[in-house]
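Just so it is clear, none of the values below were taken in a lab; they were calculated from the coordinates. Nothing here was measured: the structure is a model prediction, and the numbers come from that model. So basically every Cβ, Gly included, is an ideal-geometry build from the backbone, and we count neighbours across all protein chains shown.
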Amino acid sequence: VPPTCDWRKLNGVISSVKKQESCNCCWAMAAVGNIEAQWAIKHHQSVELSVQELLDCGRCGDGCRGGFVWDAFITVLNNSGLASERDYPFQGKAKPHRCLAKKHKKAAWIQDFTMLQDNEQKIAWYLATEGPITVTINMKFLRQYKKGVLQPPPTACDPMHVDHSVLLVGFGKAESAVDRRAGAAASQPRPKRSIPFWILKNSWGAEWGEKGYFRLYRGNNTCGITKYPLTARVDRPVKKRPVSCPP
Amino acid sequence: GSLRSQDPGPQPLELKQVFTLFQIQYNRSYSNLEEYARRLDIFAHNLAWAQKLEEEDLGTAEFGVTPFSDLTEEEFGQLYGHRRMDGVAPDVGREVGSEEWGEP
């Protein structure tokens, strides 16, 4: 696993930060961000895809009342692709009975989707070698977040209660001279502390957080980040050598 | 900026001044004085909560005024919340589209 990774630095892979407005569609925005990134990396073609199509055409009805990333991928598979944002623009509210998928050309499509193991090393490896992944976390500490690496006390952010889907786009390490751990005396000289972090793309607009992104401590499943690491597959399956189980 | 970096001053900004800056930055307006007072109260509560979060955070995170600082926890949950995903993931075993590979 490389020491750092940031897909934002490769032009055309990560689209602009979106804003949900008053629509609970983080699940759709995370899924679309994942497909856009995977498509750009594997097909060397930058696309911006339609979130609105997922809200209108999903099998769970009104997409603005919340949803699941896997349902987004199933909708894309069922519709054999996804229209572009330009053709089928975001409106901030769902029209479940007016799915316009058949009216628009497909700008991208996926072959499959998969959930990765709940292991941060493996997630980092996949992120670095295949591209961005959707994750679903406990958003308890995001509302008042402004910047920096979020590292809530381990018990403060329940990893089992995940309620917000975002896109994992990179990881790295931050140096910090501040030591806020319990028992750290302010007056003592402190060695610099290296804090591993994930970089995540949120969907609350660019004025929130670090230009729409936030960083989360990496290494102890902070806020449940390893619970549902999901990604679409956009490249054709590579022909595998046949294997046979020994008798 | 972060609460922590607010140097004492001559004096820290009055809460109302900070709230006015928030209103300007995020283009907020309130229909009447009662609503204004209620939002100011929520804002003050959120700022106090943000200070507590920052004191407890073990990393380098800074908390403070965000676009949601005049919303209660409940209002924020309704706007940006999500279906609870803990517990058992719902059954996703459903036939999926056509089996051909490649083009749609």
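In table form, for the structure just shown:
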| read-out | value |
| --- | --- |
| Filter on A:LYS9/A:LYS201; A:LYS93/A:LYS227; A:LYS147/A:LYS211 - keep pairs with C-alpha separation over 20 Å | A:LYS93/A:LYS227 |
| Average partner coverage of A:108-115, which counts Cβ from other chains inside 10 Å | 1 |
| Taking A:LYS173, A:LYS147, A:LYS103 and counting other C-beta atoms within 10 Å, the order from fewest to most | A:LYS103, A:LYS173, A:LYS147 |
| Computed Rg/Rh of segment A:1-98, alpha carbon atoms with Kirkwood Rh | 0.99 |
| Extension gain (nm, one decimal) between A:TRP125 and A:ALA156, 0.36 nm per residue minus Cα-Cα | 8.4 nm |
| P(r) of chain A over all Cα-Cα pairs, binned every 10 Å from zero, in whole percent | 7, 31, 34, 18, 7, 3, 0 |
| Contour minus Cα-Cα distance for B:GLN78 and B:GLU55 (0.36 nm per residue) | 5.6 nm |
| Three principal axis lengths of segment A:22-155 [C-alpha, angstrom, descending] | 49, 33, 24 |
| Farthest positive-ward along chain A dipole, Cα basis, beta-carbon charges - from A:GLY63, A:ALA40, A:VAL17 | A:ALA40 |
| Distance in nm between pseudo-label sites at B:TYR26 and A:HIS44 (7 Å out along the Cβ direction from Cα) | 4.4 |
| Neighbour-count ranking [beta-carbon atoms within 10 angstrom, fewest first] of A:THR231, A:THR226 | A:THR226, A:THR231 |
| Relative contact order [Cα under 8 Å, 6+ residues apart], chain A, whole percent | 25 |
